[in-house]
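Before any comments, here is the structure.
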Amino acid sequence: MLYTYLHCFFIYSFLGWCCEVAFHTLTCGNFSNRGFLYGPACPNYGFGAVAVLLVCEPFADNTWLLFLISTVITTLIELVTGFVLDKVFHNKWWDYSNYPFNIGGYICPLFSLLWGIACVIIIKIVHPALMLPISVLPKTLGIVLLIIFSVLFIIDTVFTVLGILKFNRHLRALERTTHELREISEKLGLKINDNVLVLMDKTRSAELDLEIKKAEYTEKVDALRDKYLDELDKFRTSDYHLLKAFPRMKSRIYDLNALRERLKDKLKR
């Protein structure tokens, strides 16, 4: 019994990988080595097929019961496998988040129904066809093949796990580097922001000082103008006549021509 189910495990793991590759090619238009392992095997298909065979073969004659039980079994296997892989390796190998009524992206009603249909086909059609070559295979050769497949499976699993852990380390290192770059960027941005604010404060302070000085200057100019006008008012008419009588009179200190013009305008007013 164990001999047969081990062969079934490896055969259905390989067939599941083939289905995954074909499905990806049909939906995406390119090849992708699907599955958890590096090699051409999807162990969840192997485990699922063996579990369904163990539980559902007695109900092979009742199609609806076979469909119901196999749907429940494969859905539970997919849910547990997806959850464990996600929590242990922090990665999702499939994601049904875009499908309605999914649970955590691990399972959804559409694919559960597809697994149920596939299990009915496997038990009624595929498995009986596979049992013939397994039964006629020489036992010694069959055991040797199982040993080879098991060794390859263990090696593939070990290297896959190590590769995933290394991949996660790289992701963590990349995340740390990104975080450090973000911190440097934020510090630089804050420094620039502070300098700009200081510069703006200095600019506003300089503008305020300029306005104050401008007001003080204007005030002084107005005061000097008023003082000049006051002094100009003190000139008597006779003073103007003096300047008029001696039009060529010059002063070594004052601009008498400008004074003449101002007094002239004053008298006109």
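The values are calculated or read from the model by the stated rules, or taken from the named source; none is laboratory data. If you're wondering where the values come from, they're calculated on a predicted model, not measured in any experiment. We place every Cβ from the backbone using ideal geometry, glycine too, and count neighbours over all the protein chains shown. The accessibility values were calculated without ligands, DNA or RNA, using every heavy atom of the protein model including side chains. Shrake-Rupley method; radii C 1.70, N 1.55, O 1.52, S 1.80 Å.
The table below gives the values:
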read-out	value
FRET efficiency, Leu2 to Cys28 (Cβ-Cβ, R0 30 Å, nearest 0.05)	0.20
Gain in span if fully extended, Lys124 to Lys214, counting 0.36 nm per residue against the direct Cα distance	22.3 nm
Heavy-atom accessible area ranking, 1.4 Å probe, most first, across Glu78, Glu186	Glu186, Glu78
Rounded accessible area per residue of region 69-109, 1.4 Å, Å²	56
Highest to lowest packing among 54-60, 118-124, scored as the average C-beta count within 10 Å	118-124, 54-60
Accessible surface of Leu132 - all protein chains present, 1.4 Å probe, nearest 10 Å²	110
Alpha-carbon spread of region 60-122, three principal axes, descending order, Å	41, 23, 14
Rounded to the nearest 10 Å², the accessible area of Ile117 at probe 1.4 Å	90
Accessible surface, 1.4 Å probe, highest first, among residues Asp61, Asp222, Asp201	Asp61, Asp201, Asp222
Cβ-derived FRET efficiency at R0 51 Å, Asp201 paired with Leu79, nearest 0.05	0.25
Rg/Rh (Cα only; Kirkwood hydrodynamic radius) as it applies to region 38-91	1.08
